[in-house]
Amino acid sequence: MRYPGRAKHLGWIFGLVVLVPGVLLAVIAVRAINREEAYIEKQLEGTLLAEVTYLVSLVETELGRIESELADSAPLEPPDTEESALKAWRDASPLVSSPFLLSPEFEIIWPRGNGTLGDEQLSFLRWNSDFLSNRAEVPVYENIALAYKDEIVPAAKDEEGIGQMEFQQAKSQFEMSEEVKEKIYEQALEEGRKAQSRIVVPSASGAVTKEDPPPSIFISRDLRLDEITADRNLGLIPRFVENRLSLLFWKKLPDGRIIGCVISDSELRTRLVAPIPDVYTPVRILTLVDEQGRPLVAPQETEPRDYRRPFVARELSALLPLWEAAAYLTDPLLVSSRAGRIAKMLWVLISLLFVSILIGGTLVLRTVRAEVVLSRQKTTFVANVSHELKTPLTSIRMFSEMLLEGRQRNENKKQEYLSLMVSESERLTRLINNVLDFSRMEQGRKHYSMERLDLFALCTELVKSQRPRYEQSGFRLELRTRFPEDNARGQGWVQGDPEALKQSLLNLLSNAEKYSGNQKAIEVEIHQGQSWVFVDVMDRGKGVPHSQAKRIFEEFYRGDDSLTAKVRGSGLGLSITRRILRDHGGDVLYLPREGGGSIFRIQLPADSG
Ligand code: ADP
């Protein structure tokens with residue numbers, strides 16, 4: 001029995017509550033997976049940037065320490081004529097190389113260009129004498145966010161104590177907004193303050209596509225030495241000489257002279273790399289890169305690494321322009337392989353989820369569909385049962401009224417009416433028994449009173465009692481056995497509840513009658529195999545189509561051919577018969593009959609005594 005309308009309806013619901021959300025979920029998941037790589041990269045970037053920022057602060061601290069170490073170790077009153085004091089300073093501190101002494105009027109007192117100088121002093125003078133004698137300007141660097149903090153954070157006023165906070169605020173705004181960056185760089189350029197290009201191009205965060213190095217955050221302004229030293233007592237000055245960076249230290253002496261030195265390059269580098277926590281871990285390499293793009297420290301690696309392409313980097317300090325703290329991924333494929341692994345796992349999970357939604361949905365749909373079919377069957381069942389009850393009742397009433405009114409005088413006819421009334425009431429009883437049995441079975445309350453019984457005798461008695469009724473409606477009802485004549489071995493005995501077995505047989509006989517059409521011949525044959533006793537109820541009707549052969553034993557199921565449609569029924573007979581027989585350890589089967597018709601075969605375990 002099919003209900004296409006409802007099934008279609010259910011199909012829509014299925015699509016709406018299972019397929020659509022399932023597909024949407026899959027789409028969302030696929031998008032999320034595709035973003036996984038970017039997400040992991042972002043995470044790594046965050047972690048490494050924190051390390052790099054920390055390294056920058058370590059370097060700043062170290063620079064401060066170097067500055068104060070030099071200030072403390074510098075001689076307070078070196079005599080103008082004696083170079084030994086400067087030499088002693090140099091010997092005392094490994095940081096000092098090329099010491100110098102200037103008069104308050106910026107005349108170079110030492111090293112004097114009088115022919116006794118070594119190569120180091122000569123080259124020092126060549127590059128620095130103009131600057132030290134205040135005749136030439138050098139670029140002095142400053143963080144652009146600090147220089148323009150009032151423009152970046154316009155509302156901020158220079159109040160005591162919040163200067164540093166303002167600077168931080170300006171710095172982060174500057175870093176976050178491309179728009180602000182562009183505006184401030186432009187303004188700086190207009191004011192003649194240039195930003196060099198950075199030496200590295202970080203590759204994280206989509207910067208991969210950028211090939212040109214970004215501008216440095218340190219902008220320079222050309223100043224003479226008197227301007228640099230005007231309002232301070234000591235300091236460091238970065239100097240680019242032939243594209244190499246060297247750091248100059250200076251300090252005002254109490255008498256106004258200025259003492260200073262070039263800081264030893266090798267010592268500076270040693271001191272700056274010393275605080276790096278771990279240069280190499282399985283995930284990243286953390287190092288400092290100089291103005292040439294070369295790492296200050298680097299692990300031994302088989303493949304040469306491009307140190308100008310770090311994963312993340314930050315510029316170090318206005319005192320070391322172009323130097324960077326940089327982090328590199330140890331394995332450049334780390335992000336994609338990690339993302340690949342996670343994506344694979346997510347795919348598996350999503351597929352599982354999708355499959356379980358699909359299976360769950362299908363199961364729910366099936367259950368709902370079965371419920372719908374069942375409820376329809378129940379409604380039909382009630383209508384059918386009412387009708388089936390009504391038909392015998394009507395004829396019983398009709399015949400009893402006729403007899404009561406005494407209209408029929410023919411004794412034979414009277415007898416006929418009475419036997420019809422008996423058989424109609426038997427039909428009623430059988431029907432009611434079926435319904436009652438059904439509800440008992442549903443509630444698990446069906447009980448059998450089992451006894452050893454002769455199935456052949458039971459069939460004989462039943463056929464005898466039913467034959468008149470069947471013959472009256474034009475049927476031939478025959479009972480046969482294949483037992484040997486003497487039945488010496490006592491075939492046909494079983495354990496069973498006689499009433500229940502009778503009801504089963506009556507159900508099969510009644511079906512044979514109902515579905516025989518014009519071929520009105522019913523045969524009952526009893527025979528025995530090794531361990532089973534069989535009762536075949538055979539008719540010459542249309543038989544059961546192959547497609548329905550299994551389903552006819554389901555509750556409420558009724559065939560959908562035209563013959564069945566004409567015959568009233570409850571769809572309970574076969575299902576109850578099967579249950580009764582299975583409760584007896586046997587079964588009922590449908591077999592197509594050779595030459596047309598059906599065989600319904602009861603089989604019960606033989607009880608040979
Ligand atoms: P009902 O007879 O009340 O419909 P049953 O459970 O007894 O219910 O039978 C289920 C279905 O099996 C019938 O609707 C009919 O299509 C089919 N059927 C049963 N017995 C026969 C038979 N002897 N010949 C052909 N079809 C049968």
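A compact table of results
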quantity: Selection from Leu286, Val312, Val335, by position along the positive dipole direction of segment 280-379 (Cβ); calculated: Val335
quantity: Charge dipole magnitude, Cβ of K and R +1, D and E -1 - segment 531-590, Cα centre, debye nearest 20; calculated: 160 debye
quantity: List Lys344, Lys149, ordered by accessible area with a 1.4 Å probe, largest first; calculated: Lys344, Lys149
quantity: Three-way shape label, segment 334-403, alpha-carbon gyration tensor, a/c 1.5; calculated: prolate
quantity: Listed residues Lys42, Lys514 arranged by accessible area, highest first, probe 1.4 Å; calculated: Lys42, Lys514
quantity: Surface share of carbon and sulfur [accessible, 1.4 angstrom probe, percent] for segment 371-457; calculated: 56 percent
quantity: Sites matching trypsin sites (Lys or Arg not before Pro) across segment 353-425 that sit in DSSP coil, with at most 15 neighbouring C-beta atoms within 10 Å; calculated: Arg407, Arg409
quantity: Residue-level accessible surface for Val382, protein heavy atoms, 1.4 Å, Å²; calculated: 90 Å²
quantity: Coil-residue GluC sites (Glu not before Pro) of segment 442-537, DSSP, other Cβ within 10 Å capped at 12; calculated: Glu485
quantity: Cut-off 14 Å between beta-carbons: net charge of the residues surrounding Phe240, Lys and Arg +1, Asp and Glu -1; calculated: -3
quantity: Spacing of the two label points (7 Å from each Cα toward its C-beta) at Glu471 and Ala274, in nm; calculated: 12.8 nm
quantity: Nearest-20 debye value, the chain charge dipole, Cβ charges on Lys, Arg, Asp, Glu; calculated: 6440 debye
quantity: Anisotropy class of segment 423-526 from Cα gyration tensor, a/c 1.5 cut; calculated: oblate
quantity: Given Lys464/Lys550; Lys87/Lys252; Lys514/Lys542; Lys464/Lys542, the pairs whose alpha carbons are separated by over 23 Å; calculated: Lys464/Lys550; Lys464/Lys542
quantity: Residues with amide H under 5 Å from that of Arg284, placed H, sequence gap 5 or more; calculated: Thr330
quantity: Relative frequency of Cα-Cα separations exceeding 15 Å in segment 519-609, percent; calculated: 64 percent
quantity: Selection from Leu16, Phe475, Ser93, by position along the positive dipole direction of the chain (Cβ); calculated: Phe475
quantity: Inverse of mean 1/r across different Cα pairs in the chain, Kirkwood, Å; calculated: 35.1 Å
quantity: Cα-centre dipole for segment 420-556 with unit charges at Cβ (Lys and Arg positive, Asp and Glu negative), debye to 20; calculated: 320 debye
quantity: Exposure of Phe354 as accessible area (Å², to 10), given a probe of 1.4 Å and all protein chains; calculated: 60 Å²
quantity: Carbon/sulfur fraction of accessible area - segment 1-136, other protein chains in place, 1.4 Å, %; calculated: 58 percent
quantity: Accessible surface ranking that places the most exposed of Trp347, Trp532, Trp12 first, with a 1.4 angstrom probe; calculated: Trp12, Trp347, Trp532
quantity: Rel. contact order, % - alpha carbon contacts under 8 angstrom, at least six apart, the chain; calculated: 12 percent
quantity: Selection from Leu418, Ser395, Ala500, by position along the positive dipole direction of segment 389-516 (Cβ); calculated: Ser395
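The values are calculated or read from the model by the stated rules, or taken from the named source; none is laboratory data. Source: prediction; values computed, not measured. Quick reminder, even Gly has a Cβ in these numbers, built from the backbone with ideal geometry, and neighbours come from all protein chains shown. Protein only, heavy atoms only, side chains kept; ligands, DNA and RNA dropped before computing areas. Shrake-Rupley method; radii C 1.70, N 1.55, O 1.52, S 1.80 Å.
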